[in-house]
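Asker: I'd like to ask you about the structure that follows.
The values are calculated or read from the model by the stated rules, or taken from the named source; none is laboratory data. A quick note: this is a predicted structure, and the numbers were derived from the prediction, not measured. Backbone-built Cβ (ideal geometry, glycine too); neighbour counts: all protein chains shown. Side chains are part of the model used for accessible areas, which takes the heavy atoms of the whole protein and leaves out ligands, DNA and RNA. Shrake-Rupley method; radii C 1.70, N 1.55, O 1.52, S 1.80 Å.
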Amino acid sequence: GRYKTDSKGRFVVGDLLYGKYYIKQIEASEGYLINDKIVEFDLNADNLNINLEQKVISNDIEIMKVYNDDNDNYFPEVNVSFYIYDNNGNIFKEVVTDKEGLIKVNLPYGKYIVHQNTSNYGYDKLEDFEIIVSEVKENSVRYDLVNNLIKVKLSIITKNLKDGENFKLAGFSYRIKKKNSDFYLKLNDNDVFFTDENGILDFPILLSYGDYILEQVNVPKGIIFNREIIEFSINERSNFFVEDGNLVFNIDYFNESMLGNLNIIADKEIFT
């Protein structure tokens, strides 16, 4: 006869004569492999139970996690945690990268969402991605993932110390270097950058996490030069805001206008 299992994975064959029989699986349930083994048994007692092994479809998954630096060099990202969620939104497994930035995990049949739980300092987390296990794969399925440095746009706003309003003047110039460094950040061999007519400098180099020093280099005519050195940090506690898809960090830099006294002296009046 031909039989199908019920919701409990069982089927019953009644009224069999004692003797030798064979069972062969011809179709597997969803997500499982067909068991090609022919099972032989002797029916010599009532209520004989036969257990048939059913193997689930599964894939070996490899996740390689690397990060890049400011010079686009790539390195393994070690000890980074990921959550793997099943199709019901439950955490199926937590996995962590090894010293080579590699994760090896076997996933049974189904759909999964992979979520990056932790990252190294100054690096963004990846967007969630889906893994589908639906068929047998002879080789491991590989996912190569790259975490990019978090880059921040710096906006320097030159203001009047007297009233806190923006100086509507071009020609304020600034330069920036990393703390404990002797070299200023350069673009096309230039390390001095100027404000626009609104007194604003959108620094042309995106900054990664770290500690920096801001210096004023020159000011327009009629403005008192400010020799103050401002130290600032770019990190997860910085007060960023999002503009056109970029993280932006503002720094207010204050200057004063030159003020003079005009003395008018009337020695005597002459009538003509």
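Asker: At 1.4 Å probe radius, can you tell me the per residue accessible area of region 35-127 in Å²?
Answerer: Each residue of region 35-127 exposes 64 Å² on average to a 1.4 Å probe.
Asker: Determine the share of the chain's accessible area contributed by carbon and sulfur atoms, expressed in whole percent, with a 1.4 angstrom probe.
Answerer: 46
Asker: Do any GluC sites (Glu not before Pro) in region 167-271 lie in a DSSP loop with no more than 15 other beta carbon atoms within 10 Å, and if so, which?
Answerer: Listed in order of number, the matching sites are Glu197, Glu228, Glu236, Glu269.
Asker: Compute the relative contact order of the chain as a whole-number percentage, counting only Cα pairs closer than 8 Å that sit 6 or more residues apart in sequence.
Answerer: RCO, the chain: 14 percent.
Asker: Please report how far the C-alpha centroid of region 40-68 lies from that of region 130-190, rounded to the nearest whole angstrom.
Answerer: With region 40-68 and region 130-190 each reduced to a Cα centre, they are spaced 50 Å.
Asker: Okay, moving on. Whose amide H sits under 5 Å from the amide H of Tyr143, counting only residues 5 or more places off or on another chain, with H placed in the peptide plane?
Answerer: Glu62, Ile63, Met64
Asker: Can you list the GluC sites (Glu not before Pro) in region 106-192 that are in a DSSP coil and have 13 or fewer other beta carbons within 10 angstrom?
Answerer: Glu127, Glu135, Glu138, Glu165
Asker: Sticking with this one: For region 135-183, run through the chymotrypsin sites (Phe, Trp or Tyr not before Pro) and keep only the ones in DSSP coil with at most 15 other Cβ atoms within 10 Å of their Cβ.
Answerer: Passing both the DSSP loop test and the Cβ count: Phe183.
Asker: Take the alpha-carbon centre of region 12-32, take the same for region 193-272, and report the distance between them in whole Å.
Answerer: Distance between centres, Cα-based: 85 Å.
Asker: Another one. Using the Karplus equation 6.51 cos²θ - 1.76 cosθ + 1.60 (θ = phi - 60°), what ³J(HN,Hα) coupling, rounded to whole Hz, does each residue of region 46-52 give in order, writing x for Gly and Pro?
Answerer: 6, 6, 7, 9, 10, 9, 10
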